[in-house]
């Protein structure tokens, strides 16, 4: 019985600590960048990472470069409050400025110091 209890505790520790190590272990210094937002109505990304970030209060935002950056939920609602089709009619697109650290196992860490700007250009919209 003791071996079973130890095994259960070990599995629970790995299940909790695994995503924290994988999705938070940085590889370098924070980098500031600015990228146009890709409005994707239906997006398929890493389901484990997405659920982990949603649990922490972050939402995924796709960039035109194809990368996904996780921003606080309030920033995501500010981005989606503007209709991408209205922006396209005005020939404008959203530029997301943020600071993020690259992660050891690939991808970007959660974004900080986020700002949203409009710039002339075409929006990228997909379903």
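For this structure, a couple of remarks:
- Scan of segment 37-57 for residues that are in a helix (DSSP H, G or I), in contact with a helix residue (DSSP H, G or I) (Cβ under 7 Å, 6 or more places away or on another chain) and closer than 30 Å to residue 85 by Cβ, ordered by number: 49
- The selection criterion, being more than 13 Å from residue 108 (Cα to Cα) and either part of a loop (DSSP other than H, G, I, E, B) or out of contact with any strand residue (DSSP E or B) (no Cβ under 6 Å at 6 or more places or on another chain) (or both), does not hold for residue 34.
- The set of residues in segment 47-65 being within 12 Å of the chain's Cα centre (by Cα) and touching a residue at least 24 places away in the same chain (Cβ under 8 Å) consists of 49, 52, 53, 56, 58, 61, 62, 63.
- Cross-chain or 6+ apart pairs with Cβ under 6 Å, segment 94-123 first and on the phi > 0 side of the Ramachandran plot, then at pLDDT 85 or above and in a strand (DSSP E or B): 113/99; 121/93
- Among residues of segment 86-102 being surrounded by 18 or more Cβ atoms within 10 Å (Cβ to Cβ) and under 17 Å from the mean Cα position of the chain (by Cα), the one that is farthest from residue 32 (Cα to Cα) is 94.
- Filtering segment 1-31 to residues that are over 17 Å from residue 65 (Cα atoms), outside any loop (DSSP other than H, G, I, E, B), modelled with pLDDT of 75 or more and under 25 Å from the mean Cα position of the chain (by Cα) leaves only 26.
The values are calculated or read from the model by the stated rules, or taken from the named source; none is laboratory data. Bear in mind that the values here come from a model prediction, so they are computed numbers and not experimental data. We place every Cβ from the backbone using ideal geometry, glycine too, and count neighbours over all the protein chains shown.
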